[in-house]
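Below: one structure, written as structure tokens.
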């Protein structure tokens, strides 16, 4: 039984694992859902059989979903939509927003929701900054972000799930909550989209570390250490950036970190595990079959760490393994050989990048 929210017309950009599962969730919540894919074969197959031929293949999707694409929706079509949800990889977001921006009606903007997790390579930009650059400050201020421990295969099976929903405009976060909230899918609102974004991106890097640890044959003590020290580093980086420290103790922080670091079904954990087993990164990426955001995010995180002048030895070691050819076992040994230090210590100066971003979205 649903909570009977107002029926919405929703376009989901992206027909991967997460986009598909959210389409199913919203369709089963009695919304009219249009799932866009750049792959014409997926569109044709989905509309004929109501199954995704590439992701969640065994699941029969809600009849309230229609696949569209490969062309982007027209301005007339978008003008009839209540919600635009973006579930495409961060690295492809900027180009798609540039194409979509002229098709949005300034006087009738839909609710914009973003569920991608990552940092743009080359610019080190969060999604919020990409939105500001491509769509303008007023759209960025109203943009809403959803993150938390939420594996797609469990969402489509209606297993109890909770997520964080954040926006600079709380009323927009509340609207998104009303669209998504169901007895099997609880939403908690917040006003720190920067922290939520950073948590969602950073946890993928530490999932690589947890996977490497398991791949090397280390056991529970080591995994627990990696998760806990990963959380400490995430909080330190986020606080130095200007995020709220408590955000990292929520669903988008420790919740998603724990899930991603402790499940073999996590793509980022899997990449780390296979690296720990001795496979090359090139081989892993070629055979993974889907995107592991942590691999690209590790580059941007390295740049952010250097800009903020904070210590994040695990994240730095992951970068060294991925991009400088450092041996995984040597990286772990070097981490363990570091001198003793304080367990928890937030940076004395914080907020430079945040205030630049706040200015860009017109909230100074």
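The values are calculated or read from the model by the stated rules, or taken from the named source; none is laboratory data. All values reported here derive from a predicted model rather than from experimental measurement. Here the Cβ positions follow ideal geometry from the backbone for every residue, glycine too, while neighbour counts run over all protein chains shown.
Hey, any hits in region 220-237 for a residue that's touching a residue at least 24 places away in the same chain (Cβ under 8 Å), surrounded by 24 or more Cβ atoms within 10 Å (Cβ to Cβ) and farther than 23 Å from residue 129 by Cβ?
yes
Working carefully through the options 28, 105, find the one that is at negative phi, touching a helix residue (DSSP H, G or I) at 6+ places or on another chain (Cβ under 9 Å) and surrounded by fewer than 21 Cβ atoms within 10 Å (Cβ to Cβ). Even if it seems obvious, please write down each step before you answer.
Working: 28 fails: touching a helix residue (DSSP H, G or I) at 6+ places or on another chain (Cβ under 9 Å).
The unique qualifying residue is 105.
Looking at residue 47, is it surrounded by fewer than 19 Cβ atoms within 10 Å (Cβ to Cβ) and modelled with pLDDT of 95 or more?
Numbers: surrounded by fewer than 19 Cβ atoms within 10 Å (Cβ to Cβ): yes; modelled with pLDDT of 95 or more: yes.
Taking the combined requirement at face value, the residue satisfies it.
What number of residues in region 122-163 are out of contact with any helix residue (DSSP H, G or I) (no Cβ under 9 Å at 6 or more places or on another chain) and without any contact (Cβ under 8 Å) to a residue 12 or more places away in the chain?
Within region 122-163, residues that are out of contact with any helix residue (DSSP H, G or I) (no Cβ under 9 Å at 6 or more places or on another chain) and without any contact (Cβ under 8 Å) to a residue 12 or more places away in the chain number 1.
Since residue 122 meets every condition but one in (1) more than 29 Å from residue 80 (Cβ to Cβ); (2) crowded, with 21+ Cβ neighbours inside 10 Å, which condition does it not meet?
It is condition (2) that residue 122 fails.
Is it true that some residue in region 72-88 is without any contact (Cβ under 8 Å) to a residue 24 or more places away in the chain and either within 27 Å of residue 148 (Cβ to Cβ) or buried (at least 20 other Cβ atoms within 10 Å of the Cβ) (or both)?
The answer is no; no qualifying residue exists.
Please return the ranges of helices (runs of 4 or more DSSP H) entirely within region 255-348 where 3 or more residues are within 18 Å of the chain's Cα centre (by Cα) and in contact (Cβ under 8 Å) with a residue 40 or more places away in the chain.
Numbers: elements: 256-261, 267-276, 281-288, 293-308, 313-323, 328-336.
Qualifying helices (runs of 4 or more DSSP H): 256-261, 267-276, 293-308.
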